[in-house]
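Heads up, the thing below is written out as structure tokens.
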Amino acid sequence: MPVIAIVNRKGGSGKSTLATHLAARYASRGVPVMLGDVDRQQSTQPWLRARAAQDLPGSAPIVGWAVDPRRVMRPPAGVSHVVLDTPGGIHGFDLARVAAFADVILMPVCHSAFDRESAAACHAELMALPRVASGRCKVAAIGMRIDARTKAAESLRAWADGLKLPFVGVVRETQGYVRGIERGLTLFDLPASQTAADVAEWKAIGDWLEAALRAVPKPIVRRNPVVVRTAAPAAAPREDRPKVASRPARARFSGLFAWLAAPRFLQRHS
């Protein structure tokens, strides 16, 4: 199933707003989605609890998942997409692990020198990862709290073009986002008459995302070979038996690190 990660090192860039709205966009179209929270603050969990109290008959379920290596959960049957909300300051092994799991990484970027500098450094680190460099994990930027008609949008697009980073759209700052999130809702759950202009901004984002997911190579499924069993030969005398090599260290110690294994739905064959 497709995995979409929302990544930006800088706090306050709009990651949770983007993650919740992206999950709700799928749910409003009848697509069962899981919202995974990699952030230790678990920012999306209160939103999911508030959403559970709402009557949304036209929406598919959004299943919450708090990433915890001590308690691995599997998605329920029928979940079609996964959206991951990641913490600020992510880098190194943690960033590489997210890139290994994700099919698409979206970077929300605000229009300030601090935001652009942080996003550029994160993008450079991502591009050094083989899975991103080869195109198996797509990366794109989204302008947050920006009006598409202003020079700020043009400036941010030019900045992204300089990095050869796809800039797929903007999300402007409106009270609709704030009021909706407080109630466990998003723009996609409110009457169209109230949100038409804001929802229209998501079309370009959705179109790019769907095209990127269609272009993701399918994982290779390796089937176990068929083993034909024959009658065992008579046991040789102890002194004539061949010595059996000990198991490699990786096999011996794999059980010790089993708790680090990624959930099955995040595993990739690359």
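The values are calculated or read from the model by the stated rules, or taken from the named source; none is laboratory data. Just so we're clear, the structure is a prediction, and the values are computed from it rather than from any experiment. Ideal geometry is used to build each Cβ from the backbone, glycine not excepted, and the neighbour counts take in all protein chains shown.
Before we move on, is LEU185 in a loop (DSSP other than H, G, I, E, B), out of contact with any Asp or Glu (no Cβ under 8 Å at 6 or more places or on another chain) and crowded, with 17+ Cβ neighbours inside 10 Å?
It is true that LEU185 is in a loop (DSSP other than H, G, I, E, B), out of contact with any Asp or Glu (no Cβ under 8 Å at 6 or more places or on another chain) and crowded, with 17+ Cβ neighbours inside 10 Å.
Considering the range 205-216 alone, what residues qualify as being loosely packed, with under 15 Cβ neighbours inside 10 Å, modelled with pLDDT of 90 or more and of a type in the set (Gly, Ala, Ser)?
Scanning the range 205-216 gives a single hit, ALA211.
Would you confirm, using the coordinates I've provided, whether ARG131 is at pLDDT 90 or above, in contact with a Ser or Thr (Cβ under 7 Å, 6 or more places away or on another chain), assigned to a loop (DSSP other than H, G, I, E, B) and under 21 Å from ILE6 (Cα atoms)? Full working, then the answer.
Numbers: at pLDDT 90 or above: yes; in contact with a Ser or Thr (Cβ under 7 Å, 6 or more places away or on another chain): yes; assigned to a loop (DSSP other than H, G, I, E, B): no; under 21 Å from ILE6 (Cα atoms): yes.
The answer is no for ARG131.
Would you please list the contacts, defined by Cβ atoms under 8 Å and residues six or more apart or on different chains, that run from a residue in the range 183-207 that is without any contact (Cβ under 8 Å) to a residue 60 or more places away in the chain to a residue that is assigned to a loop (DSSP other than H, G, I, E, B) and of a type outside the set (A, V, I, L, M, F, W, C)?
Every condition considered, the pairs that remain are ASP198/ARG172; ASP198/THR174; GLU201/ARG172.
So the check is Cβ under 6 Å with 6+ separation or different chains; which pairs have a first residue in the range 62-89 that's at pLDDT below 60 and a second one that's among the aromatic types (Phe, Trp, Tyr) and surrounded by fewer than 19 Cβ atoms within 10 Å (Cβ to Cβ)?
Taking only residues 6 or more apart or on different chains, the pairs are PRO69/TRP259; PRO75/PHE265.
Just need a number here: residues in the range 130-158 that are surrounded by fewer than 17 Cβ atoms within 10 Å (Cβ to Cβ) and among the aliphatic types (A, V, I, L, M).
3
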